[in-house]
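The next block holds one structure in the form of structure tokens; read it before the comments.
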Amino acid sequence: MVLPVEPEFQQALDELTLSLQPFLAANPEYKKALEIVQVPERVLQFRVVWEDDKGNAQVNRGFRVQYNSALGPYKGGLRLHPSVNLSILKFLGFEQTFKNALTGLSMGGGKGGSDFDPKGKSDNEIRRFCTAFMSELFRHIGSDTDVPAGDIGTGGREIGYLFGAYKKLRNEFTGMLTGKGLTWGGSFIRPEATGYGLIYYVEHMIAKACPEYSLNKPSTLVAISGSGNVAQFTALKVIELGATVLSLSDSKGSLIAEKGYSKEVIQKVAELKLKGGSLETLANEPGYKYHAGVRPWTLLPTVHIALPGATQNEVSKEEAEALVKAGVRIVAEGSNMGCTAEAIDVFEASRRSGPGGVWYAPGKASNCGGVAVSGLEMAQNSQRLSWSTEEVDRKLKDIMTECYQICLGAGSKWSGEEAKEGVLPSLLAGANVAGFIKVADAMKAQGDWW
């Protein structure tokens, strides 16, 4: 039974359940698996007491949702943000379970974090918080049990402090966190992986749906939201390929580029975000215009590719309609559940209308590149090896290609739609059904349902 105080989790569950209806109608025995898989294996909640720079005790809530281990150790990020609550972490862990399944790697699903806000905190305050947080979490994680990673608010600095605290508590150097520094167990292109992987997935979508909007063409207009790690590397890869990036955003507003972002301005954004700054600081940058309190989706008269890269539910129904009006052909999530259910309905209705409609890819498929390279980092740690940038990038491309093909195939078979000429398969249905079948079959083999 899902409580009404868990709206984000209910949204994720409703989406999966709806996508599964044609498959469950043909395979009713899997209804029991759906009933069981939606319940986390374990939910941990704990108190985190730390000392601020004035010597005062501060308290936050810490969480770890260990959702499903049928395919491997629990795997998923640690989010540090004031909005963190159990509903958000359950939704993220639930989505992570199926996302990890789509990578083809041996990883279960989990998520965790705290309502601690790193913004405005000193390095010493963040270090003391991380030490206090790990003093409880260390009991529940390990390289063969649960391997957390970074997420919103948890970057290389925080991963370093968390790893150092774990190493002291357990007196062992082991790959129990991913996103580590390159000199102490990290992997090449891990920071870039979610953004790069998103583009590798989108390239397959473009090739099938609208090759006229290739990312090799400056005339292809790409809208991106967010300005953190995912958005930055998504933008840099688009610029590298040759297309035009029109927008980035943060919680305070959007920065629109009249003639497209340059690598130099993306670098300024990266430096700004490391210091906890706002895009508003760049409002006077020549050729750029800042719009306070507005996301980019309604600000652009023409958009070909839209890539939400900030946080959950960042594209509303009205914004989805604005994107359709602007001529968008591809929408792929760099964030987790970046579109509301109503926005997805708009995109899916457009897809079903025939050629020229919008093709939508859910985050559990299109943004799985980040956790895929985390899985590759785990493999390197287990072997005490470090692969080259080129080798990791090649493996990432292969994983994203396989993920796309799996989603395409399952969407063609299980979307519940009659095949019509010019109508593309539902990648939403494909991702949900393919991920669910893989997890459910492993659970059945292990005796978790029968």
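Does Val39 satisfy the condition of being surrounded by fewer than 16 Cβ atoms within 10 Å (Cβ to Cβ) and more than 14 Å from Lys111 (Cβ to Cβ)? When the stated conditions are applied, Val39 passes them. All of (1) open to solvent by 10 Å² or more (accessible area, probe 1.4 Å); (2) within 18 Å of Ser335 (Cα to Cα); (3) at pLDDT below 95 hold for Met1 with one exception: (2).
A residue that is of a type in the set (Lys, Arg) and surrounded by fewer than 17 Cβ atoms within 10 Å (Cβ to Cβ) cannot be found anywhere in segment 357-368.
Using the structure shown, decide if Ile88 is open to solvent by less than 10 Å² (accessible area, probe 1.4 Å) and farther than 30 Å from Gln405 by Cα.
So Ile88 does not fit the description; no.
When the residues of segment 70-85 are filtered to those that are within 20 Å of Asp448 (Cα to Cα) and in contact (Cβ under 8 Å) with a residue 40 or more places away in the chain, which remaining residue is surrounded by the fewest Cβ atoms within 10 Å (Cβ to Cβ)?
If we take residues in segment 70-85 being within 20 Å of Asp448 (Cα to Cα) and in contact (Cβ under 8 Å) with a residue 40 or more places away in the chain, then Pro73 is surrounded by the fewest Cβ atoms within 10 Å (Cβ to Cβ).
For segment 252-273, which residues satisfy the criterion of being open to solvent by 60 Å² or more (accessible area, probe 1.4 Å) and touching a residue at least 24 places away in the same chain (Cβ under 8 Å)? Lys252, Glu258, Lys259, Lys263, listed by residue number.
Residue under question is Phe138, and the condition is that it be in a helix (DSSP H, G or I), over 28 Å from Leu396 (Cβ atoms), in contact (Cβ under 8 Å) with a residue 40 or more places away in the chain and not β-branched (Val, Ile, Thr); does it hold? Judged against the criteria, Phe138 is not a match.
Conditions tested, residue by residue: (1) among the aromatic types (Phe, Trp, Tyr); (2) assigned to a helix (DSSP H, G or I).
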{"residue": "Leu89", "(1), (2)": "no, yes"}
{"residue": "Phe98", "(1), (2)": "yes, yes"}
{"residue": "Leu105", "(1), (2)": "no, no"}
{"residue": "Phe116", "(1), (2)": "yes, no"}
{"residue": "Gly120", "(1), (2)": "no, no"}
{"residue": "Arg127", "(1), (2)": "no, yes"}
{"residue": "Cys130", "(1), (2)": "no, yes"}
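Of all the residues in segment 226-248, those that are closer than 17 Å to Ala326 by Cβ and out of contact with any Leu (no Cβ under 7 Å at 6 or more places or on another chain) number 1. Of the residues in segment 50-67, at least one is open to solvent by 30 Å² or more (accessible area, probe 1.4 Å), touching a residue at least 60 places away in the same chain (Cβ under 8 Å) and either part of a loop (DSSP other than H, G, I, E, B) or under 18 Å from His140 (Cβ atoms) (or both). The single condition among (1) open to solvent by 30 Å² or more (accessible area, probe 1.4 Å); (2) farther than 30 Å from Glu172 by Cα; (3) among the small types (Gly, Ala, Ser) that Ser382 does not satisfy is (2).
Selection of segment 139-153 for residues being within 18 Å of Ala372 (Cα to Cα) and touching a strand residue (DSSP E or B) at 6+ places or on another chain (Cβ under 6 Å) yields Asp146, Val147, Pro148, Ala149, Gly150, Asp151, Ile152.
Just give me the residues in segment 274-288 being open to solvent by 50 Å² or more (accessible area, probe 1.4 Å) and over 13 Å from Asp250 (Cα atoms), in sequence order. Residues satisfying the conditions are Leu274, Lys275, Asn284, Pro286.
The values are calculated or read from the model by the stated rules, or taken from the named source; none is laboratory data. No experiment lies behind these values; they were computed from the predicted model shown. Note that each Cβ is placed from the backbone with ideal geometry, even for glycine, and that neighbours are counted across all protein chains shown. Side chains included, ligands, DNA and RNA excluded: accessible areas come from the protein's heavy atoms. Shrake-Rupley method; radii C 1.70, N 1.55, O 1.52, S 1.80 Å.
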